[in-house]
Amino acid sequence: MMTLLQIEKAARNFGGLKAVDQVSFEIESGTIMGLLGPNGSGKTTLLNLISGFLTPSAGRIVFNGRDLAGARPDKIARAGIARTFQLVRILPSLTLLENVMLPAVFGHRSHWGKEADRVARAALEKTGLGERASASAGDLNYIDQKRLELARALAAEPELLLLDEWLAGLNPTELQEGIALIRSLSGSGIPIIMVEHIMEAVRALCPRCAVMNAGKLIADGETAKVLSDKAVIAAYLGDAEDA
Ligand SMILES: Nc1ncnc2c1ncn2[C@@H]1O[C@H](COP(=O)(O)OP(=O)(O)OP(=O)(O)O)[C@@H](O)[C@H]1O
């Protein structure tokens, strides 16, 4: 399979803090990977480096053969990387359809007119919001806000989707629906990197996962093996003691 994303010694410092410290890994097209680690270990910072919301202090982030390290978020979105945010970034004063039209027009493929409408509606359909296209985003409950946040990422027709704790805060029934939804996206061929604390979801969805601790990648491999790795267990226990 082809390498889709190659991260080489990516680093990001905040003053003296090494939030991301010499992280390297690759992902191939068509795969789904979990990115785990205790609170503050650098996962969101790494997603921010990949999606251009932060500039790396050092390192290369090569996507489809192009080094995008330090490029602006809009350029990276156009190159084909879409993401969700831990705190949803939907536009409450707009309808659901208007929310997803924006990325359909300004995302990876820049659709116009009827085609933008088709892509936007398809993104709503995929996330179970198809029948509420003209509802106001401000009226959505929590899970539906999360669905809309995901629909916005899908409307950009990404070649790589980054999910930042998209399943967090869902009740047990919603969690099962959320897992099924991510599985269907992955099954349709969209490569995904998902930052996730819910181990049940990681086990169910990700054949591979990587673990960060204090900015470093401390494990990367088959999920069952990684989750029974001594260094990984120690990192999580350390986090529990600090909490
Ligand atoms: N903009 C910033 N300025 C200063 N420090 C930051 C900034 N963003 C993150 N940090 C610090 O970098 C470290 C890594 O944070 P990050 O949010 O990437 O962790 P995380 O693994 O995503 O945590 P969580 O699971 O809690 O979301 C933390 O110590 C955090 O306080």
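The values are calculated or read from the model by the stated rules, or taken from the named source; none is laboratory data. Just so it is clear, the model here is predicted, and its values are computed rather than measured. All Cβ positions, even for glycine, are placed from backbone atoms using ideal geometry, and neighbour counts span all protein chains on display.
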Report summary line: Reported set for region 160-179 where residues are within 16 Å of the ligand (Cβ to nearest atom) and touching a strand residue (DSSP E or B) at 6+ places or on another chain (Cβ under 6 Å) is L162, L163, D164, E165
Query raised in the report: Residues in region 20-44 that are crowded, with 23+ Cβ neighbours inside 10 Å, within 10 Å of the ligand (Cβ to nearest atom) and on the phi < 0 side of the Ramachandran plot: how many?
Result: 5
Report task. Starting from residues that are over 21 Å from the mean Cα position of the chain (by Cα) and loosely packed, with under 13 Cβ neighbours inside 10 Å, keep the ones in region 2-16 and report whichever is farthest from G70 (Cα to Cα). Result -> G16
Report task. Evaluate the following for Q6: is it touching a Lys or Arg at 6+ places or on another chain (Cβ under 9 Å), away from the ligand (no atom under 11 Å from the Cβ) and in contact (Cβ under 8 Å) with a residue 60 or more places away in the chain? Result -> no
**Report entry** Index of the failed condition, A168 passing every other in (1) surrounded by fewer than 19 Cβ atoms within 10 Å (Cβ to Cβ); (2) not in a loop (DSSP other than H, G, I, E, B)
**Finding:** (2)
Report summary line: The number of residues in region 46-58 that are in contact (Cβ under 8 Å) with a residue 60 or more places away in the chain and either in a loop (DSSP other than H, G, I, E, B) or within 10 Å of the ligand (Cβ to nearest atom) (or both) is 2
Query raised in the report: Exactly one of (1) touching a residue at least 12 places away in the same chain (Cβ under 8 Å); (2) in the same structural domain as S186 (by TED's automatic domain parsing); (3) within 16 Å of the ligand (Cβ to nearest atom) is unmet by F85. Its number?
Result: (2)
Report summary line: Note on region 109-138: residues within 20 Å of G187 (Cα to Cα) and in contact (Cβ under 8 Å) with a residue 40 or more places away in the chain are K126, T127, G128
Query raised in the report: Do you know which residues across region 203-220 are of a type outside the set (G, A, S) and more than 26 Å from G178 (Cα to Cα)?
Result: N213, K216, L217, I218
Query - Count of residues meeting criterion [surrounded by 15 or more Cβ atoms within 10 Å (Cβ to Cβ), over 24 Å from the mean Cα position of the chain (by Cα) and not in a helix (DSSP H, G or I)] in region 109-135 - result: 1
Query - Residue within region 88-108 that is loosely packed, with under 15 Cβ neighbours inside 10 Å, without any contact (Cβ under 8 Å) to a residue 24 or more places away in the chain and out of contact with any Asp or Glu (no Cβ under 9 Å at 6 or more places or on another chain) present - result: no
